[in-house]
1. What's the total number of residues in region 40-60 that are among the aliphatic types (A, V, I, L, M) and either in contact (Cβ under 8 Å) with a residue 60 or more places away in the chain or loosely packed, with under 13 Cβ neighbours inside 10 Å (or both)?
2. Taking the conditions exactly as written (under 14 Å from Ser24 (Cβ atoms), of a type outside the set (Ser, Thr, Tyr) and over 12 Å from the mean Cα position of the chain (by Cα)), does Gly75 satisfy them or not?
3. Listed residues Ser93, Ser101; which is among the polar types (S, T, N, Q) and either surrounded by 17 or more Cβ atoms within 10 Å (Cβ to Cβ) or at pLDDT below 95 (or both)?
4. Which of the following residues is in contact with a helix residue (DSSP H, G or I) (Cβ under 9 Å, 6 or more places away or on another chain) and polar (S, T, N, Q): Ser6, Ser24, Ser53?
5. Any residue in region 11-38 that's closer than 16 Å to Ile90 by Cα: show its pairings with residues that are assigned to a helix (DSSP H, G or I) at Cβ separation under 6 Å, as long as the two are six or more apart or on different chains.
6. Pull up region 1-11, narrow it to residues that are of a type outside the set (Lys, Arg) and modelled with pLDDT of 95 or more, then point me to the one that is surrounded by the fewest Cβ atoms within 10 Å (Cβ to Cβ).
7. Within region 69-80, is even one residue touching a helix residue (DSSP H, G or I) at 6+ places or on another chain (Cβ under 7 Å), crowded, with 16+ Cβ neighbours inside 10 Å and over 13 Å from Ile97 (Cα atoms)?
8. Sort through Ala3, Ala13, Ala41 and tell me the only one that's in contact with a Cys (Cβ under 9 Å, 6 or more places away or on another chain) and not charged (D, E, K, R).
Amino acid sequence: MRARTSRKKRIFAPLHTRGKFLHSHLSKELREKMKKRSIRARKGDKVKIVRGSFKGKEGRIVKVDLKKCKIFVEGVTRKKARGQEILVPIDPSNVIITELSERK
């Protein structure tokens, strides 16, 4: 499949299938416990960032944006021109889930 076709499918995917793009890898301990390699990132999960300028930071997921397929982690902020602190959107593929929130 061509790269542009893959990007187009990801951009124009319906909301009920976008949850598949929100999967993140599990830590080694969780992988052994859950018998899964990756799981959908949810609000309250504790994650460690492994790629990008915030590499090495840890925190809980504060918000999940399904439309943009991004997650927001507490403590991962930047300043706007006016000095206001805002959360930085992070791609779920760039984090490892280290602790799960309460699942139903």
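The values are calculated or read from the model by the stated rules, or taken from the named source; none is laboratory data. Since we're looking at a predicted model, the values are computed, not measured. So basically every Cβ, Gly included, is an ideal-geometry build from the backbone, and we count neighbours across all protein chains shown.
1. So in region 40-60, the residues among the aliphatic types (A, V, I, L, M) come out as 41, 47, 49-50.
Those left that are additionally either in contact (Cβ under 8 Å) with a residue 60 or more places away in the chain or loosely packed, with under 13 Cβ neighbours inside 10 Å (or both): none.
Adding up the residues that qualify gives 0.
2. Numbers: under 14 Å from Ser24 (Cβ atoms): no; of a type outside the set (Ser, Thr, Tyr): yes; over 12 Å from the mean Cα position of the chain (by Cα): yes.
For Gly75, the condition - under 14 Å from Ser24 (Cβ atoms), of a type outside the set (Ser, Thr, Tyr) and over 12 Å from the mean Cα position of the chain (by Cα) - is not met.
3. Numbers: Ser93 fails: either surrounded by 17 or more Cβ atoms within 10 Å (Cβ to Cβ) or at pLDDT below 95 (or both).
On inspection, the qualifying residue turns out to be Ser101.
4. Details: Ser6 fails: in contact with a helix residue (DSSP H, G or I) (Cβ under 9 Å, 6 or more places away or on another chain); Ser53 fails: in contact with a helix residue (DSSP H, G or I) (Cβ under 9 Å, 6 or more places away or on another chain).
It is Ser24.
5. That search, which allows pairs on different chains as well, returns Leu22/Pro92; Ser24/Pro92.
6. Initially, region 1-11 is screened for residues of a type outside the set (Lys, Arg), giving 1, 3, 5-6, 11.
Imposing the further condition that a residue be modelled with pLDDT of 95 or more reduces the set to 3, 5.
Values: Ala3: 7, Thr5: 9.
Checking each candidate, the answer is Ala3.
7. Filtering region 69-80 for residues touching a helix residue (DSSP H, G or I) at 6+ places or on another chain (Cβ under 7 Å) gives 69, 71.
Imposing the further condition that a residue be crowded, with 16+ Cβ neighbours inside 10 Å reduces the set to 69, 71.
Filter once more, keeping what is over 13 Å from Ile97 (Cα atoms): 69.
Checked region 69-80: at least one residue is touching a helix residue (DSSP H, G or I) at 6+ places or on another chain (Cβ under 7 Å), crowded, with 16+ Cβ neighbours inside 10 Å and over 13 Å from Ile97 (Cα atoms).
8. Working: Ala3 fails: in contact with a Cys (Cβ under 9 Å, 6 or more places away or on another chain); Ala41 fails: in contact with a Cys (Cβ under 9 Å, 6 or more places away or on another chain).
Exactly one of Ala3, Ala13, Ala41 is in contact with a Cys (Cβ under 9 Å, 6 or more places away or on another chain) and not charged (D, E, K, R), namely Ala13.
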